[in-house]
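Asks: Please find one structure pasted underneath; my questions will follow.
The values are calculated or read from the model by the stated rules, or taken from the named source; none is laboratory data. All figures in this text were calculated on a predicted structure; none of them were measured in a lab. Don't worry about glycine lacking a Cβ; one is built from the backbone with ideal geometry, like all the others, and counts go over all protein chains shown. Areas reflect the complete protein model, heavy atoms only, side chains present, ligands, DNA and RNA absent. Shrake-Rupley method; radii C 1.70, N 1.55, O 1.52, S 1.80 Å.
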Amino acid sequence: MNKYIVVNQPEKWNFSIENITVISSQEYLTNPTFSLLKKARIFNLCKDYSYQSKGYYVSLLAEARGHLAIPTVKNIVDLKNLKLVRIVSDEFDDVIQQSLKNIKSREFTLSIYFGQNVALKYKELSSLFYKHFQVPFFQVKFSHNTKWNIQSVRVVSESEIPEEHLESVHEFANQYFAKKRYDTPKLIKSDFDLAILVNPNDPAPPSNVKAIRKFIDIAEKMNIYAEIIEPKDLSRLSSFDALFIRQSTEVNNEAYAFARKAQQEGIAIIDYPDAILKCCNKVYMTEALNNANIATPKTVIVHKDNRNNVIQEVGLPCVLKAPDSTFSFGVKKAKTEDEYNSLVNEMLKESDLIIAQEFCPSDYDWRIGIIDDKPFYACKYYMAKGHWQIYNWKAKKKNDQDGDADCLPIEEVPKKVLDMALKSSRLIGKGLYGIDIKVVNNKPMVIEINDNPNIDFGVEDLHYGDLVYTKILNAFKNRLD
């Protein structure tokens, strides 16, 4: 397997590691050679992993390309959530207290390089943190009151490593890159009470009130205790056996924190944190669909170096998408070159990469609901009145915000649409997905893979009724079994 160390500036990389190529983040993100590479392990040592930075995208696109990334996007996001760090570290609090008991000061910073610390006495503690947060260089800051507590966790760049640590870090690096396997934490399985996460302030909830009521009623008939919880209830999650996320999912909102905590604690989940990370980012989906040879509208990942060539490839009008746009938020249509330039300027301020896509007008999109690799509902979503999208958030009347929908038996879905939906969902893994597909000139194209698709009473359940709810609840039972 090819091994690559990805850094911001290869010329400043100080370590010589055998049989590993050092490349820049820009090269990995934009050179087509790496997009086509089938087997690779990517060690992402960029100096910044902040959301939508180059460091973030290196790990995200590595996963989209089927490359093995360290750290994963999940690791990156986890490390920035102090609540999650504290939840995980509670599991080995006794090791923290024992390791730090002889420190006289009230503060202590543990530097972890490739899972190790320069002092042998912190080896076990460093290893436990690295087991859960597989970031090459990071620091954990502790403070002592009645006991040692974590105050902050932050990624450090190679340039921040003290000179007196460099010799040890070089040795750790050689040990680390020589390994054949890079272990990840094992998750445990558990059993039966269901938490349904709902945000009362969600502008576009994935299930309406009647659908949530249906889930609870049908769960009761299936001997599953179901209870609605809200974002403020993260501390209560441990008392449940399963988590069903029914609020809008984003990488930086509570839904991801709930999913990640559930995963760390072995709680059954729909949907998994990996699905949230991947489906919520259009850049990942573009690369993954392209890599799997699944048809989409002509699509280009836009960055500062290629922005002037995009219109030649996708034409005008074109659709511009923020990487984490959901429910038509962050999705714009550029009709002219001036509009394109203005929108791209604005969007590239928020993210190093955005998406430009060929505009493919149609009367409706197919939505195929899939649970654990099986289709269980099919809808036609029609465009909002006088608009080019299913949702029109600028509509003056609330009734004009979204278009009509027809719910059909799965047998009436064209085979090529159904096959494409199933193939697309398998890119993400088992879970609950809504695959949006347009058919233009008799050619199906995937528009979106949704990790948190709508299950609304009176829409997605119109044909199959209670069976839609039962199939999802049975998926939880299967996970628990």
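Asks: Relative to the present Cα-Cα distance, how much length would full extension add between E160 and N102 at 0.36 nm per residue of separation? Walk me through the numbers on the way to the answer.
Replies: Details: separation 58, 0.36 × 58 = 20.88 nm, distance 2.64 nm.
18.2 nm is the gain from fully extending E160 to N102.
Asks: So for region 29-125, Kirkwood radius off the Cα pairs, Stokes-Einstein at 4 °C and 1.567 mPa s: how many µm² s⁻¹?
Replies: Details: Rh = 15.8 Å.
Answer, rounded: 82 µm²/s.
Asks: Length gain on complete extension for the stretch D202 to S239, per 0.36 nm per residue less the alpha carbon to alpha carbon distance?
Replies: Numbers: separation 37, 0.36 × 37 = 13.32 nm, distance 2.43 nm.
My answer for the length gained is 10.9 nm.
Asks: Quote the relative contact order of the chain in percent (integer), defining contacts as alpha-carbon pairs under 8 Å separated by 6+ residues. Please list the in-between numbers first.
Replies: Values: 897 pairs, mean separation 57.0, N = 481.
Contact order relative to length: 12 percent.
Asks: Right, next: Whats the longest run of the chain with zero trypsin sites (Lys or Arg not before Pro) that are DSSP loop and have at most 10 other Cβ atoms within 10 Å?
Replies: Details: sites that count: K38, K39, K101, K104, R106, K179, K180, R181, K186, K349, K394, K396, K397.
Here the longest run is 187-348.
Asks: Could you report region 291-372's accessible area per residue, 1.4 Å probe, as an integer in Å²? Write out the running numbers ahead of the final one.
Replies: Values: 3780 Å² over 82 residues.
On a per-residue basis, 46 Å².
Asks: Within region 333-359, list the residues whose amide N lies under 18 Å from a label point set 7 Å along Cα→Cβ of Q312.
Replies: 337-338, 340-341, 356-358
Asks: Here's a follow-up. Given the rule -39500 (n - 2.57) for each run of at least 4 DSSP H residues, summed and divided by the residues of the chain, what is its mean residue ellipticity at 222 nm, to the nearest 500 deg cm²/dmol? Numbers along the way, then the final one.
Replies: Working: 16 runs with 151 residues, N = 481.
After summing the helix terms and dividing by the residues of the chain, the value is -9000 deg cm²/dmol.
Asks: Below 23 Å Cα-Cα, how many Lys pairs turn up in region 1-70? Only count pairs eight or more apart in sequence, or on different chains, if you could.
Replies: Taking the Cα cut-off of 23 Å, the pair count is 9.
Asks: So, one more: Could you name the lysines whose alpha carbon sits less than 17 Å from that of K415, not counting residues in the same chain fewer than 8 places away?
Replies: K374, K380, K423, K438, K443
Asks: Using the Kirkwood radius over C-alpha pairs as Rh, can you work out the diffusion coefficient of the chain via Stokes-Einstein at 37 °C, viscosity 0.692 mPa s, in µm² per second?
Replies: Values: Rh = 24.0 Å.
In µm²/s, the coefficient is 137.
Asks: Out of the GluC sites (Glu not before Pro) in region 1-85, which ones are loop residues according to DSSP with at most 13 other C-beta atoms within 10 Å?
Replies: Working: sites: E11, E18, E27, E63; in loops: E18.
Filter output for region 1-85: E18.
Asks: While we're on this one: With just the Cα atoms defining each centre, how far is region 233-293 from region 135-182? Give it in Å.
Replies: 27 Å
Asks: State in Å² the accessible area per residue of region 395-454; use a 1.4 Å probe, count heavy atoms of protein chains only, and round to the nearest integer.
Replies: On the way: 3030 Å² over 60 residues.
Heavy-atom SASA per residue in region 395-454 reads 50 Å².
Asks: While we're looking at this one, here's another question. With +1 on each Lys and Arg Cβ and -1 on each Asp and Glu Cβ, how big is the dipole of the chain about its Cα centre, in debye rounded to the nearest 20?
Replies: Details: 63 positive and 63 negative charges, 81 e Å.
With only Lys, Arg, Asp and Glu charged at Cβ, the dipole is about 380 debye.
Asks: Here's something else I'd like to know. Multiplying the sequence separation of K131 and K385 by 0.36 nm and subtracting their Cα-Cα distance, what value in nm do you get? Don't jump to the answer; show the numbers that get you there.
Replies: On the way: separation 254, 0.36 × 254 = 91.44 nm, distance 5.15 nm.
Using 0.36 nm per residue and subtracting the Cα-Cα distance, I get 86.3 nm.
Asks: Still on this structure, please answer the following. Label T336 and K304 with points 7 Å out from Cα along Cα→Cβ: what is the distance between them in nm?
Replies: With each label point 7 Å from Cα toward Cβ, the separation is 2.7 nm.
Asks: Tell me, Kirkwood radius of region 333-481 from alpha-carbon pair distances, in Å?
Replies: Working: mean 1/r = 0.0586 Å⁻¹.
Mean inverse Cα-Cα distance, inverted, gives 17.1 Å.
Asks: Just tell me which lysines come within less than 16 Å, Cα to Cα, of K333; anything on the same chain fewer than 8 places away is out.
Replies: Here the lysines satisfying the reach criterion relative to K333 are K282, K298, K321, K394.
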